[in-house]
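The structure appears below as structure tokens.
The values are calculated or read from the model by the stated rules, or taken from the named source; none is laboratory data. Bear in mind that the values here come from a model prediction, so they are computed numbers and not experimental data. Cβ: placed from backbone, ideal geometry, glycine included. Neighbour counts: every protein chain shown.
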Amino acid sequence: MESTDRTLLRLHVEAVWDVRLPSLVLTDVELLPDGSQPSWKLCAADQASGRVYLWRPDVPTMEREALRLRGSAALAFPPLGAPLPGVHREVALSLVASPRSDQATARSIARPLTEKDRSLVEAFEPDAHDYYFRPERQPLIGVVISGHLLSLAHSSRRTPEACELGIDTRAFARQRGYALAATMVWTQAILQERLVPIYSADASNTVSLRLADAAGYRAFARLATFEQ
């Protein structure tokens, strides 16, 4: 039977790369051929239950062995040495702890954005309002101060089971609790939809990882994808 962290890994990979996976009971798993196929050949993940290798079906056996040997260096945390060419590293996190702020405070700072707020979103990121107001990007949660949108949370990836957070804050407005408030309000909205909220960040993005920690998210997988 698929463990909890393996279920979260499956939900994360399916959401990010629009692929389909079988149940992750085994440690070596091929993507299902009837789904989309990603640019990477291997997605390796370290979890509490052990390492998992997710393969694109067309990768031959000999190449798999070579990629597997590169897995340990790529998954070392913190990273060892210079970035590896053709390898991307990230951390995937789920909500397991209480945030460092309370919900009432978060709701006093961040609020849902509606069609009436299109001009604020356009000013925040020109030419992106059509992207943000698609149904699959909901809910949009923003921090509006003095008529300006300073932080914006949205559903960057959505499946029937899970949603992944997208969060951006104006550089001059960071470290004021705005991103934390927006993340917390977004998380509660996703929970009310009875979906699994997931947070992911580049493994080198310490600022984003600190935000995740403050919002109550903890790592369930460290991943490396190999395109070469």
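Here is how the numbers come out for the structure above:
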read-out	value
Residue match in region 64-80 (condition: under 19 Å from ASN205 (Cα atoms) and over 22 Å from the mean Cα position of the chain (by Cα))	yes
Filtered residues of region 1-48 (kept if part of a strand (DSSP E or B) and under 16 Å from LEU75 (Cβ atoms))	ASP28, LEU42, CYS43, ALA44, ALA45, ASP46, GLN47
Single residue of region 3-27 satisfying the filter (touching a Leu at 6+ places or on another chain (Cβ under 7 Å) and farther than 11 Å from ALA221 by Cβ) that is surrounded by the fewest Cβ atoms within 10 Å (Cβ to Cβ)	PRO22
Residue ranges of strands (runs of 3 or more DSSP E) in region 152-228 with at least 1 members closer than 19 Å to PRO99 by Cα and acidic (Asp, Glu)	162-169
Conditions (1) modelled with pLDDT of 95 or more; (2) out of contact with any strand residue (DSSP E or B) (no Cβ under 9 Å at 6 or more places or on another chain); (3) of a type outside the set (Gly, Ala, Ser): number failed by TYR178	(2)
Selected residue (only one of ALA104, ALA76, ALA92 is of a type in the set (Gly, Ala, Ser) and in contact with a Phe, Trp or Tyr (Cβ under 8 Å, 6 or more places away or on another chain))	ALA92
So VAL144, is it over 25 Å from ASP202 (Cα atoms) and part of a strand (DSSP E or B)	yes
Qualifying residue in region 75-92 (condition: assigned to a helix (DSSP H, G or I), outside the structural domain of THR187 (by TED's automatic domain parsing) and surrounded by 16 or more Cβ atoms within 10 Å (Cβ to Cβ))	yes
